[in-house]
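Below: the structure, in structure tokens.
The values are calculated or read from the model by the stated rules, or taken from the named source; none is laboratory data. Treat the numbers as computed from the prediction; the structure is a model and nothing was measured. Every residue, glycine as well, gets a Cβ built from its backbone with ideal geometry; the counts of neighbours run over all protein chains shown. In case anyone asks, the SASA skips ligands and DNA or RNA and just uses the protein heavy atoms, side chains included. Shrake-Rupley method; radii C 1.70, N 1.55, O 1.52, S 1.80 Å.
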Amino acid sequence: MRGHVLLTVFTLCMLCSGAKAQLNPNIYAKSCPYLVPIVRRQVMNALKADTRMAASLIRLHFHDCFVNGCDASVLLDGDDSEKLAIPNLNSARGFDVIDTIKAAVEYACPGVVSCADILTLAARDSVVLSGGPQWRVALGRKDGLVANQSSANNLPSPFEPLDAITAKFVAVGLNAADVVALSGAHTFGQAKCDVFSNRLFNFDGAGSPDATLETTLLSDLRTVCPAGGSGNQTAPLDRNSTYAFDNNYFKNLLEGKGLLSSDQILFSSDLAVNTTKRLVEAYSRSQYLFFRDFTRSMIKMGGITNLVNGSSGEVRKNCRVINN
């Protein structure tokens, strides 16, 4: 596809070398040789049924990796389920899609591939099938045995300032450049009024909207999310190309058209001047550069794990529950 970046195996291994244990894109070459096309086919079917699912699957992967590492803990049901955490409750989607993919993979090679690896592959395929870059996914994760609802309640928030968000990225081995590149995933998908309506009416506590929000977009969003209205209505994160993975997200930020406060602060906040603003500008000019850095950041994030082959963990038969 035009503008795609295919990372070499050498680059992949170099980027994964900082992980606590080595992952390998070829680990299932013999034990499950058709894994990649099986996952790709199921993600393609899911996107045909619901185009929004692409953004939902990559968000699910992000929310998994930031809690306990990329161990599929976000998929577990139960009283301490991360699904019940505030950032996920009534907003995290795609669990049924992962169930479907898992069933197809189990049919082909039972007991071999972890749910964590399946989720990582599904996130990659969601990007590729939406017009974004291709990269080889390092594999070999194990599924965690416990969820962590309290940590899930501390995921990076759209209401936080840039320094707080960056600190949460640094805590899991990422950095400010990864904040910008990974935020570019907001080039597709939707967000509920609940997570941005605070910008529309009384952002400063004196009855004024967020001054960094472009006036035409402000007016449109007030129609979608009127004062006192339902917080469950949604608006596109990138109205220029709602379902396409491209660099329009960054072009929007230059025009004050970032939907979430956590988006717009990458360009408009005082802290951004010496940290993230220049990278936003660079990505707005070069989709190639954005795609290159996005793949690197996705690989780094996919390496956040304590569970690998030979370590504690398991390959779940059902992604929603640990094995008996």
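Things to note:
- Put simply, of Arg316, Arg278, Arg222 the only residue that is of a type in the set (Lys, Arg), farther than 23 Å from Pro156 by Cβ and assigned to a helix (DSSP H, G or I) is Arg222.
- Hits in region 198-233 (condition: charged (D, E, K, R) and surrounded by 17 or more Cβ atoms within 10 Å (Cβ to Cβ)): Arg199, Asp210
- Residues of region 226-259 that turn out to be assigned to a helix (DSSP H, G or I) and touching a Ser or Thr at 6+ places or on another chain (Cβ under 6 Å), as a count: 5
- Output for region 234-264, where each listed residue is open to solvent by 30 Å² or more (accessible area, probe 1.4 Å) and over 22 Å from Leu57 (Cβ atoms): Lys251, Leu254, Glu255, Lys257
- Among the residues of region 107-153, those identified as over 27 Å from Pro87 (Cβ atoms) and surrounded by fewer than 18 Cβ atoms within 10 Å (Cβ to Cβ) are Tyr107, Ala108, Cys109, Pro110, Gly111, Val112, Gln134.
- Residue pairs whose Cβ atoms lie under 9 Å apart, sitting 6 or more positions apart in sequence or on different chains, and linking a residue in region 195-224 that is over 27 Å from Ala92 (Cα atoms) to a partner that is among the basic types (Lys, Arg) and open to solvent by 40 Å² or more (accessible area, probe 1.4 Å), are Pro209/Arg222; Glu214/Lys257; Thr216/Lys257.
- Test: residue in region 273-292 that is small (Gly, Ala, Ser) and closer than 30 Å to Asp79 by Cβ: no
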